[in-house]
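One structure below.
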Amino acid sequence: MTETDPDRVVVVGAGVSGLAAARELAPDHEVVVFDAGGVAADTTSRASGMISLALEPFPDEWATFARESFRDLDGRGVFSFAERETVRLVREGAEPPAPADGDALGFHAPAELSDRYPGSFGDLSDYAGGVVYGGTGYLDAADYAATLKWAAERAGAAVYRDHAVTDLRVEDGAVVGVETEYGPVDAGSVVYATGWRTRDLLAAYVELPVRPLRWNAVVVEPTEPLPGTCPMGSESGNRVYWRPTDRGDVLVGGNEHLLADPEGTPARVDDPFRETVFEEVAPLLRGVADGRVRREDCCPTADSASPDGLPIVDAPAEAPDGLVAVTGLHGRGVMLSPVVGRTVRSLVTGGPAPFPTDPLGLDRFGDRSADFEYVSHWA
């Protein structure tokens, strides 16, 4: 694998971002994916799989492209995309949002929500109602990653686990490959999709303003399974979201926060988050307040955040030619993976993307330091 090949692309990181990029590039490039651990074994393995693009501060074209990508992939490999409406609750006395998004299906009072989703809601007495959104849904992140890997490999990509990349190889200002624990590999392009570690791994070549980010999730089994029509939902006051599972449980996630030392932070759910789940969120859904916890998760190696809350997917001008950095996914790596994959393809090939990519560029930041405060998408 050391012969020169300008059409070879090395992807470092086998999470959903790296696998999405590999799938996009494999049809007309020799693609090799390396991961120091397992495929989708770190942050991806704990992702909620909630796809709520209509509620996010993203360009409409991103939402349309990602949503159609999930729909097109549905039924291939082991992947399925369950479309489900989402309710963003509004507390009594708060001003209901007036979104212009075409997926917003209007504001509904508590009684209307109970009629629309029979057997789903519990105590909504503190709420004026909620805005209902269509065009949302959920997926199983592990199945999604496995299907991306399968699709990339069917197109000719090679995916290697337990194969650490130890350095980038650069000659005359251009990427010529990588060093791995098993020897050098030549390539004309290298894509680093390595989460918050990307800042340190590429520090000798480009400064990336990203910080480690952690979130929590709890899966609760209600006293009776939630109905198949139960919507996904969110409550911005508590900065939490929920989605049903295929077995009738509910996954509640949130409590995003920056970390100074992700590897030294215990990999367990924070006590205040667990209290919020059972005191504030569980009563909203029927049978959940008296349910039992089936699983508690946090992203084991931490996600990554940028100063403005949007990802960085770019081939920076000051970096060696042929280097692409993917980082700062801000807890939305699964949701935006189709956009990330197509953007990487555009950067490697020089071809156009069917959506704006300027919001993903590194040059939007004048300050590249990691000294910034967390920007919440709940605002």
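The values are calculated or read from the model by the stated rules, or taken from the named source; none is laboratory data. What you are looking at is a predicted structure, and each value in this text was computed from that prediction instead of being measured. Ideal geometry is used to build each Cβ from the backbone, glycine not excepted, and the neighbour counts take in all protein chains shown. The protein model used for the area step is the full one, side chains on, heavy atoms only, and it has no ligands, DNA or RNA in it. Shrake-Rupley method; radii C 1.70, N 1.55, O 1.52, S 1.80 Å.
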- Message: Being surrounded by 19 or more Cβ atoms within 10 Å (Cβ to Cβ) and in contact with a His (Cβ under 9 Å, 6 or more places away or on another chain) is the requirement here; does residue 311 meet it?
- Response: yes
- Which of the residues spanning segment 172-192 are hydrophobic (A, V, I, L, M, F, W, C) and open to solvent by 20 Å² or more (accessible area, probe 1.4 Å)? 174, 176
- Message: Would you confirm whether or not segment 125-134 contains a residue that is open to solvent by less than 40 Å² (accessible area, probe 1.4 Å), polar (S, T, N, Q) and over 30 Å from residue 202 (Cβ atoms)?
- Response: no
- Query: Which ones in segment 57-71 are in a loop (DSSP other than H, G, I, E, B) and surrounded by 18 or more Cβ atoms within 10 Å (Cβ to Cβ)?
  - Reply: 58
- Message: Tally up the residues in segment 18-56 that are in a helix (DSSP H, G or I), open to solvent by less than 20 Å² (accessible area, probe 1.4 Å) and among the polar types (S, T, N, Q), please.
- Response: 1
- Message: Quick check on segment 186-196. Is at least one of its residues under 24 Å from the mean Cα position of the chain (by Cα), part of a helix (DSSP H, G or I) and touching a residue at least 60 places away in the same chain (Cβ under 8 Å)?
- Response: yes
- Hey, does segment 72-84 have a residue that's open to solvent by 50 Å² or more (accessible area, probe 1.4 Å), closer than 18 Å to residue 339 by Cα and within 27 Å of the chain's Cα centre (by Cα)? yes
- Return yes or no: is residue 351 over 19 Å from residue 213 (Cα atoms) and in a loop (DSSP other than H, G, I, E, B)? yes
- What residue, of 35, 42, is closer than 28 Å to residue 322 by Cβ, in contact (Cβ under 8 Å) with a residue 40 or more places away in the chain and within 16 Å of the chain's Cα centre (by Cα)? 42
- Would you check if there is a residue in segment 211-219 being part of a helix (DSSP H, G or I), at pLDDT 90 or above, open to solvent by 20 Å² or more (accessible area, probe 1.4 Å) and not aliphatic (A, V, I, L, M)? no
- Those residues that are modelled with pLDDT of 95 or more and either aromatic (Phe, Trp, Tyr) or farther than 22 Å from residue 53 by Cα (or both), I need them from segment 294-335; list them, please. 315, 316, 317, 318, 319, 320, 321, 322, 323, 324, 325
